[in-house]
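Colleague: Here's a structure for you.
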Amino acid sequence: MIIDSHTHLFPEPVKNDRSLFFDKEPEFKLLYNSPRAKISTITELIETMDIHGVDISVVSGFPWRNPDLAQKNNDTLLEAVQGYPDRIKGLACFDLGWEGAADEAIRCMAAGLSGVGELAFYLSGIDAKALSLLEPVMTALRENGNRPCMIHTNEPVGHPYPGKTPVTLEQIDSLARAFPDNRIILAHWGGGIFFYHVMKRQMKQTLKNIWYDTAASVFLYDPEIYNMAIQANVIDKVLFGTDFPLLTPDRYYADMDKSVMTPTHKRQVLGENALALFG
């Protein structure tokens with residue numbers, strides 16, 4: 001079974017003319033101002049899944065500042081889940097500055113979504129204020145079956161690109177320590193913090209409830225990243241994620257084939273780990 005744990009869907013009007021949604025949404029404009037930034041609907045996702053042998057995709061929207069937009073995007077995800085119950089799972093998404101964020105998480109989970117994500121702090125990083133805003137949402141997740149939360153992270157060094165946040169490894173460490181009982185998915189390999197699983201003290205315990213997805217890996221890392229996950233003994237916490245429509249699954253399959261991953265490792269990353277996490 002192949003499960004793509006990181007994909008994005010938008011309502012049809014956003015795909016038709018994204019420029020209508022730039023006003024008072026600086027994060028959305030930052031990521032999607034370029035016409036090369038792809039926007040997808042459920043039809044395109046299902047077609048891509050069929051072409052590349054993906055059985056299930058986990059879809060997310062965007063952390064809109066406007067609560068109405070966030071709800072409409074989440075309703076689009078719910079429609080996708082209801083229309084393809086065996087193929088699509090969903091994560092509620094919103095801006096954490098919205099006082100109703102936790103209530104929206106509860107609404108969406110009650111209606112059929114599987115957790116929350118991809119939450120992001122594109123302009124601030126995961127600072128103390130961000131952790132405070134996360135608290136009620138993390139509580140809601142724990143109280144509703146301890147469902148997972150996907151959070152945008154990125155490497156704190158290297159080349160700049162739209163959506164690269166000012167997050168630090170110290171901030172990611174603080175996130176893990178602030179919510180030790182929540183199940184947290186760190187997008188984009190967790191900014192590399194998984195390397196610290198090889199430390200003899202503290203970090204293995206701190207990161208015990210952390211998972212890492214491979215989204216955008218093709219653009220960020222050499223195929224050896226999978227070898228490093230094996231060496232760090234976290235291959236059972238790695239989730240296949242494409243960031244579709246940014247990239248298609250075959251690009252990731254090619255990188256895995258260039259690594260030292262065994263068939264067992266590939267089964268874990270491509271589906272078994274996500275199946276265990278999402279149920």
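Colleague: What pairs can you find where one residue is in segment 252-277 and touching a residue at least 24 places away in the same chain (Cβ under 8 Å) and surrounded by 12 or more Cβ atoms within 10 Å (Cβ to Cβ), the other is of a type in the set (Val, Ile, Thr) and outside any helix (DSSP H, G or I), and their Cβ atoms are less than 6 Å apart, with a gap of 6+ or different chains?
Modeller: Sorted first by the residue in segment 252-277, then by its partner, the pairs are VAL269/VAL238; LEU270/ILE2; GLY271/ILE2; GLY271/ILE3; ALA274/ILE3.
Colleague: Going residue by residue through segment 7-14, is there one that turns out to be of a type in the set (Val, Ile, Thr) and either over 17 Å from the mean Cα position of the chain (by Cα) or crowded, with 22+ Cβ neighbours inside 10 Å (or both)?
Modeller: Filtering segment 7-14 for residues of a type in the set (Val, Ile, Thr) gives 7, 14.
Right, trim to either over 17 Å from the mean Cα position of the chain (by Cα) or crowded, with 22+ Cβ neighbours inside 10 Å (or both) and you get 7, 14.
Yes, segment 7-14 contains at least one residue that is of a type in the set (Val, Ile, Thr) and either over 17 Å from the mean Cα position of the chain (by Cα) or crowded, with 22+ Cβ neighbours inside 10 Å (or both).
Colleague: Look through segment 45-82, keep the residues that are in a strand (DSSP E or B) and not polar (S, T, N, Q), and return whichever of them is farthest from the chain's Cα centre (by Cα).
Modeller: If we take residues in segment 45-82 being in a strand (DSSP E or B) and not polar (S, T, N, Q), then ILE56 is farthest from the chain's Cα centre (by Cα).
Condition check ((1) buried (at least 17 other Cβ atoms within 10 Å of the Cβ); (2) modelled with pLDDT under 95; (3) in contact with a His (Cβ under 9 Å, 6 or more places away or on another chain); (4) not in a helix (DSSP H, G or I)) across all residues:
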| site | (1), (2), (3), (4) |
| --- | --- |
| GLU99 | no, yes, no, yes |
| MET109 | yes, no, no, no |
| GLY117 | yes, no, yes, yes |
| LEU123 | no, yes, no, yes |
| SER132 | no, no, no, no |
| MET138 | yes, no, no, no |
| ARG142 | no, no, no, no |
| ARG147 | yes, no, no, yes |
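Colleague: Assigned to a helix (DSSP H, G or I), among the polar types (S, T, N, Q) and within 22 Å of LEU277 (Cα to Cα): is that true of GLN171 in this structure? Outline the logic, then answer.
Modeller: On the way: assigned to a helix (DSSP H, G or I): yes; among the polar types (S, T, N, Q): yes; within 22 Å of LEU277 (Cα to Cα): no.
Criteria not met by GLN171.
Colleague: Looking at ASP68, ASP103, can you tell me which residue is more than 17 Å from PRO148 (Cα to Cα), surrounded by fewer than 16 Cβ atoms within 10 Å (Cβ to Cβ) and among the acidic types (Asp, Glu)? Before you say what the answer is, go through the steps one by one.
Modeller: Numbers: ASP103 fails: more than 17 Å from PRO148 (Cα to Cα).
None of the other options fit; the residue is ASP68.
Colleague: Can you confirm whether segment 222-232 contains a residue that is more than 13 Å from HIS265 (Cβ to Cβ), under 19 Å from the mean Cα position of the chain (by Cα) and assigned to a loop (DSSP other than H, G, I, E, B)?
Modeller: no
Colleague: Testing TYR84 on (1) over 17 Å from ARG65 (Cα atoms); (2) touching a Cys at 6+ places or on another chain (Cβ under 6 Å), one condition comes back false. Which one is that?
Modeller: In the conditions (1) over 17 Å from ARG65 (Cα atoms); (2) touching a Cys at 6+ places or on another chain (Cβ under 6 Å), TYR84 misses (2) alone.
Colleague: Just one of LEU69, LEU77, LEU9, LEU96 is under 24 Å from LEU133 (Cα atoms), in contact (Cβ under 8 Å) with a residue 60 or more places away in the chain and hydrophobic (A, V, I, L, M, F, W, C); which is it?
Modeller: Working: LEU69 fails: in contact (Cβ under 8 Å) with a residue 60 or more places away in the chain; LEU9 fails: under 24 Å from LEU133 (Cα atoms); LEU96 fails: in contact (Cβ under 8 Å) with a residue 60 or more places away in the chain.
Of LEU69, LEU77, LEU9, LEU96, the one residue that is under 24 Å from LEU133 (Cα atoms), in contact (Cβ under 8 Å) with a residue 60 or more places away in the chain and hydrophobic (A, V, I, L, M, F, W, C) is LEU77.
Colleague: Yes or no: segment 174-195 includes at least one residue that is modelled with pLDDT under 95, small (Gly, Ala, Ser), touching a His at 6+ places or on another chain (Cβ under 9 Å) and within 24 Å of VAL59 (Cα to Cα).
Modeller: no
Colleague: Okay, moving on. Restricting attention to segment 8-44, which residues are among the polar types (S, T, N, Q), more than 12 Å from GLY61 (Cα to Cα) and in a loop (DSSP other than H, G, I, E, B)?
Modeller: First, the residues of segment 8-44 that are among the polar types (S, T, N, Q): 16, 19, 33-34, 40-41, 43.
After this cut, where a residue has to be more than 12 Å from GLY61 (Cα to Cα) as well, the list is 16, 19, 33-34, 43.
ASN33, SER34 - these are the residues of segment 8-44 that are among the polar types (S, T, N, Q), more than 12 Å from GLY61 (Cα to Cα) and in a loop (DSSP other than H, G, I, E, B).
Colleague: Only one of these is surrounded by fewer than 24 Cβ atoms within 10 Å (Cβ to Cβ) and assigned to a helix (DSSP H, G or I): LYS204, LYS208, LYS200. Name it.
Modeller: Details: LYS208 fails: assigned to a helix (DSSP H, G or I); LYS200 fails: assigned to a helix (DSSP H, G or I).
Residue meeting the stated conditions: LYS204.
Colleague: Suppose we filter ASP127, ASP173 for residues that are in contact with a helix residue (DSSP H, G or I) (Cβ under 9 Å, 6 or more places away or on another chain) and crowded, with 17+ Cβ neighbours inside 10 Å; which single one remains?
Modeller: Numbers: ASP127 fails: crowded, with 17+ Cβ neighbours inside 10 Å.
Testing whether each residue is in contact with a helix residue (DSSP H, G or I) (Cβ under 9 Å, 6 or more places away or on another chain) and crowded, with 17+ Cβ neighbours inside 10 Å leaves just ASP173.
Colleague: Do we have VAL157 as closer than 18 Å to LYS237 by Cβ, among the β-branched types (Val, Ile, Thr) and surrounded by fewer than 19 Cβ atoms within 10 Å (Cβ to Cβ) here? Spell out how you get there, then give the answer.
Modeller: Values: closer than 18 Å to LYS237 by Cβ: no; among the β-branched types (Val, Ile, Thr): yes; surrounded by fewer than 19 Cβ atoms within 10 Å (Cβ to Cβ): yes.
Against the criterion (closer than 18 Å to LYS237 by Cβ, among the β-branched types (Val, Ile, Thr) and surrounded by fewer than 19 Cβ atoms within 10 Å (Cβ to Cβ)), VAL157 does not qualify.
The values are calculated or read from the model by the stated rules, or taken from the named source; none is laboratory data. From a predicted model like this one, the values you see are computed outputs, not experimental measurements. Neighbour counts are summed over all protein chains in view; Cβ atoms, including those assigned to glycine, are modelled from backbone coordinates with ideal geometry.
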